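Written out below as structure tokens is the structure these notes cover.
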Amino acid sequence: AAWVGVRQGVGAGARLPSITAAAAAAAFTTAAAKPPFPASVRIVEVGPRDGLQNEKQQVETDVKLGLIDRLVGSGLSTVEATSFVSPKWVPQMADHREVMQSLSAKYAGAPQSFPALVPNMKGLDAAVEAGAKEVAIFASASEAFSRRNINCSIEESLERFKPVLQKAASCGVRVRGYVSCVIGCPYEGAIAPETVALLSQSLLELGCYEISLGDTIGVGAPGSVGKMLHQVREKVRTEQLAVHFHDTYGQALANILTSLHMGISVVDSSVAGLGGCPYAKGASGNVATEDVLYLLHDLGVETGVDLPKVIEAGNYISDFLKKENASKVACASNRKAEAANASQPPP
């Protein structure tokens, strides 16, 4: 009540309502009984696709499969595996058929899902032929980004996806929709939340079961993210939404916390903070799965994922790429382990 009074312009000399200790304790107890977060969160691991696609060093198929196996072993139920795009544009995903066929055979009948990104009908046909049971499509909330990325307007991209969604439905393949540049665009600046809301609604009407809202260049902070989510939830049910944050300005975890407060219970993240966007110069990696899990577990939110095993998976791929693990939680855990080992007496 006092804070509201200040925000409404109560003068410095005015008397503000007092709050007794008993009232404060009662309010705290009530808040604790009804935590402002979802009881559980589903993590969509995007490292093997969105994380690796921007790596210049070619990653062998068996290494990708080894990473995915480790991620599944940690308890992650959704691991975005590959992208059925032209190797000319994304060379790292040239082995999409081999990756999907291997996963389809190894995890046949298992509860895990391995979505693949498809840009068009050709990509969908190839994904289905390789055994994909779920695919993802992408549209941009920025006209400029859409034209530079897929060489068409937003409206044209939706028209292109209509037959893709129809064919996927006839094949029993679920489709997830990505909306990129939900906060800002490298070419046209800030994006209107209303545009994001209408595009999200359109993708659902086409047949997507879920919409992942992506801050592609990582310019969002809790204020802009909150405004965007408020507008989108006017058009789309909260349970049909996911969030996908890049950590360019160090705001990804704060943005996830804001999203949780607003009821979002699906979060995309990338092991070891791998990623970027080949069409968004300067965008840093996705928020690290390890860091997201540390936050969620501290809040008492159930994920079903073993954090130490995700750290092991992140170390595995980071060692292969000969780069430092970009997860702060993983780095802290690794230093702690190194210090413990150093303190052990020699055999």
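The table for this structure:
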quantity: Total residues in segment 242-253, condition small (Gly, Ala, Ser) and surrounded by fewer than 17 Cβ atoms within 10 Å (Cβ to Cβ); calculated: 1
quantity: Pair list, Cβ < 6 Å and 6+ apart or interchain, from segment 192-206 residues that are β-branched (Val, Ile, Thr) to residues that are part of a helix (DSSP H, G or I) and buried (at least 19 other Cβ atoms within 10 Å of the Cβ); calculated: Val196/Met228; Val196/Val232
quantity: Flag if Ala144 is more than 18 Å from Val46 (Cβ to Cβ), out of contact with any helix residue (DSSP H, G or I) (no Cβ under 9 Å at 6 or more places or on another chain), surrounded by fewer than 24 Cβ atoms within 10 Å (Cβ to Cβ) and of a type in the set (A, V, I, L, M, F, W, C); calculated: yes
quantity: Qualifying position, being within 22 Å of Glu188 (Cβ to Cβ) and modelled with pLDDT of 95 or more, among His261, His244, His297; calculated: His244
quantity: Meets criteria (at positive phi and at pLDDT 95 or above) for Gly75; calculated: yes
quantity: Evaluation of Gln92 against (1) part of a loop (DSSP other than H, G, I, E, B); (2) within 16 Å of Val271 (Cβ to Cβ); (3) of a type outside the set (A, V, I, L, M, F, W, C) (one fails), failing number; calculated: (1)
quantity: Segment 154-197, residues that are within 22 Å of Ser224 (Cβ to Cβ) and assigned to a helix (DSSP H, G or I); calculated: Ile154, Pro193, Glu194, Thr195, Val196, Ala197
quantity: Residue count, segment 124-153 (criterion: under 23 Å from His244 (Cα atoms), assigned to a helix (DSSP H, G or I) and free of Cβ contacts under 8 Å to residues at least 40 places away in the same chain); calculated: 3
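The values are calculated or read from the model by the stated rules, or taken from the named source; none is laboratory data. In this text the structure is predicted, and so the values were computed from the model without any measurement. Note that we place each Cβ from the backbone using ideal geometry, even for glycine, and neighbour counts take in every protein chain shown.
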